[in-house]
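For reference, the structure discussed in these notes is given below.
The values are calculated or read from the model by the stated rules, or taken from the named source; none is laboratory data. From a predicted model like this one, the values you see are computed outputs, not experimental measurements. Neighbour counts run over all protein chains shown; Cβ positions are idealised from the backbone, glycine included. What goes into the accessible areas is simple: the full protein's heavy atoms, side chains included, and nothing from ligands, DNA or RNA. Shrake-Rupley method; radii C 1.70, N 1.55, O 1.52, S 1.80 Å.
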Amino acid sequence: MIYEVFSVFDSKVGVYSQPMFALHRGDLLRTFTEAVNDSNTKVGKYPDDHTLFYIGTYDDETAMFSSLPTPTSLGLAVNYVHKPV
């Protein structure tokens, strides 16, 4: 199966997080949104400091990664914060 690979960049520290894998981008975006809206997570405490990136794919049948030449930003964490209704 081909998994999409994502990472969160912390601009204050200047590093990317350990990669996260998902079969569907929507599933990863749901998980990321939940983390952003949880004040007990680092990304939830500091959403202005974190950006989600799509970085490539992983094939679990061949153990091969295919990285993008440049990570693609999926937006700042602060853009995933739920607005009060």
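A compact table of results
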quantity	calculated
Per-region count, region 35-54, residues more than 12 Å from ASN79 (Cα to Cα) and of a type in the set (Gly, Ala, Ser)	2
Per-region count, region 69-81, residues closer than 12 Å to THR33 by Cβ and without any contact (Cβ under 8 Å) to a residue 24 or more places away in the chain	1
Residues being open to solvent by less than 100 Å² (accessible area, probe 1.4 Å) and within 15 Å of the chain's Cα centre (by Cα) - total across region 39-57	13
Residue that is at pLDDT below 95 and either open to solvent by 40 Å² or more (accessible area, probe 1.4 Å) or in a strand (DSSP E or B) (or both), where the choices are PRO84, PRO71	PRO84
Region 1-34 - residue that is open to solvent by less than 30 Å² (accessible area, probe 1.4 Å) and among the small types (Gly, Ala, Ser) and, of those, nearest to ALA77 (Cα to Cα)	SER7
Qualifying residue in region 3-24 (condition: under 16 Å from TYR80 (Cβ atoms) and part of a helix (DSSP H, G or I))	no
Identity of the residue in region 58-68, part of a strand (DSSP E or B) and in contact (Cβ under 8 Å) with a residue 12 or more places away in the chain, that ends up most open to solvent (accessible area, probe 1.4 Å)	PHE65
